[in-house]
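Down below is the structure, laid out as structure tokens.
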Amino acid sequence: MDKTAAPLRPLIAGNWKMNGRRASLDEVLRLAEKLGGRPPEGTEVLLCPPFTLLLHFRDALAEAGISLGAQDCHWEEDGAHTGDISARQLHDVGARYVILGHSERRQDHGEDSSLIRKKAEAALAAGLVPVICVGETETERDAGKTAEVVVGQLHDSLPEDISHDRLVLAYEPVWAIGSGRTPTGEEIGMVHSTLREALASRLDKPDFVRILYGGSVSAGNAADILGIKNVDGALVGGASLKAEEFYGIIAASRG
Ligand code: PGA
């Protein structure tokens with residue numbers, strides 16, 4: 001597919017979810033070694049470990065030219081919110097990105113798009129770039145509602161004042177996450193172009209917002225997925241846990 005007009009630097013993001021211990025630093029060092037000190041020219045790599053590992057991984061990631069991100073944040077700066085972490089606290093330990101609205105948070109914690117928007121506003125105020133996730137369930141997909149659902153989530157989750165260089169969007173069909181199933185290339189392309197059009201009504205330079213695809217991305221399918229028009233990177237769960245597999249995905253972004 002034609003990617004010649006793509007102005008964007010692809011972003012390959014790893015979401016470790018609730019996985020990893022301090023000893024997992026070895027996996028990060030293995031990835032750094034494979035990358036030979038820095039990501040391939042023109043590609044940005046991001047790793048979002050659990051909160052407990054942010055500081056532990058920070059220096060090794062920085063040395064390898066890999067950005068650091070978190071998986072969620074609270075919408076307040078500080079205060080009486082037992083068990084929560086604020087965007088400012090994430091920024092304080094070196095995070096530059098934060099994933100928001102992942103379907104596992106929407107489902108497990110009942111988060112809705114208006115809450116995601118508050119969190120995204122907090123992230124921006126703290127100097128973080130939100131990676132806002134949208135995606136349909138299998139039932140919604142079967143009912144032909146994919147476009148309606150993802151565009152609705154996008155509009156409701158986006159802060160009022162948003163600029164192309166302070167936002168990453170991720171399309172993650174809920175049924176594709178951790179399932180080994182992915183939509184067809186054509187389906188992914190259609191959803192991404194629909195999201196791009198929706199962005200056009202919200203900000204000046206919609207073509208400059210990176211829209212990632214997430215859901216069962218592997219070293220085996222990455223080249224095909226990353227070659228689809230309007231796919232500007234990947235949000236990778238399970239396959240980001242092993243250096244070998246994650247490296248395979250990063251290498252595929254070179255095209
Ligand atoms: P997966 O997860 O790559 O394991 O399917 C993706 C995600 O949830 O971000």
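Points to keep in mind about this one:
- Only one entry in Asp72, Asp59, Asp78 is without any contact (Cβ under 8 Å) to a residue 12 or more places away in the chain and either touching a strand residue (DSSP E or B) at 6+ places or on another chain (Cβ under 9 Å) or under 29 Å from Lys205 (Cβ atoms) (or both), namely Asp78.
- Test: residue in region 15-24 that is surrounded by 17 or more Cβ atoms within 10 Å (Cβ to Cβ), over 19 Å from the mean Cα position of the chain (by Cα) and at pLDDT 95 or above: yes
- Any hit, region 42-63, residues being buried (at least 19 other Cβ atoms within 10 Å of the Cβ), modelled with pLDDT of 95 or more, of a type in the set (Val, Ile, Thr) and part of a strand (DSSP E or B): yes
- Count of region 223-255 residues which are part of a helix (DSSP H, G or I), over 16 Å from Pro183 (Cβ atoms) and within 12 Å of the ligand (Cβ to nearest atom): 6
- Extreme residue, nearest to Pro49 (Cα to Cα), among residues of region 105-119 that are more than 16 Å from the ligand (Cβ to nearest atom) and basic (Lys, Arg): Lys119
- Some residue of region 230-250 being over 15 Å from the mean Cα position of the chain (by Cα), buried (at least 21 other Cβ atoms within 10 Å of the Cβ) and of a type in the set (A, V, I, L, M, F, W, C): no
- In region 154-177, of all residues being in a loop (DSSP other than H, G, I, E, B) and either within 13 Å of the ligand (Cβ to nearest atom) or among the hydrophobic types (A, V, I, L, M, F, W, C) (or both), the one that is nearest to Trp75 (Cα to Cα) corresponds to Leu158.
- Any hit, region 87-104, residues being crowded, with 19+ Cβ neighbours inside 10 Å, more than 17 Å from Ala13 (Cβ to Cβ) and more than 16 Å from the ligand (Cβ to nearest atom): yes
- Screening the candidates Gly180, Gly189, Gly220 for the property of being over 18 Å from Val129 (Cβ atoms) and part of a helix (DSSP H, G or I) yields one hit, Gly189.
- Some residue of region 64-75 being within 19 Å of Asp156 (Cβ to Cβ), within 16 Å of the ligand (Cβ to nearest atom) and in contact with a Cys (Cβ under 9 Å, 6 or more places away or on another chain): no
- Residue in region 179-189 that is within 16 Å of the ligand (Cβ to nearest atom), polar (S, T, N, Q), buried (at least 16 other Cβ atoms within 10 Å of the Cβ) and under 17 Å from Ser253 (Cα atoms) present: no
- Residue that is nearest to the chain's Cα centre (by Cα) [pool: residues in region 200-222 that are within 14 Å of the ligand (Cβ to nearest atom) and of a type in the set (Ser, Thr, Tyr)]: Tyr213
- Selection status of His109, without any contact (Cβ under 8 Å) to a residue 60 or more places away in the chain, out of contact with any strand residue (DSSP E or B) (no Cβ under 9 Å at 6 or more places or on another chain) and not acidic (Asp, Glu): yes
- Qualifying position, being over 25 Å from Leu226 (Cβ atoms) and at pLDDT 95 or above, among Gly101, Gly94: Gly94
The values are calculated or read from the model by the stated rules, or taken from the named source; none is laboratory data. If you're wondering where the values come from, they're calculated on a predicted model, not measured in any experiment. Please note: Cβ atoms are built from the backbone with ideal geometry, for glycine as well, and neighbour counts cover all protein chains shown.
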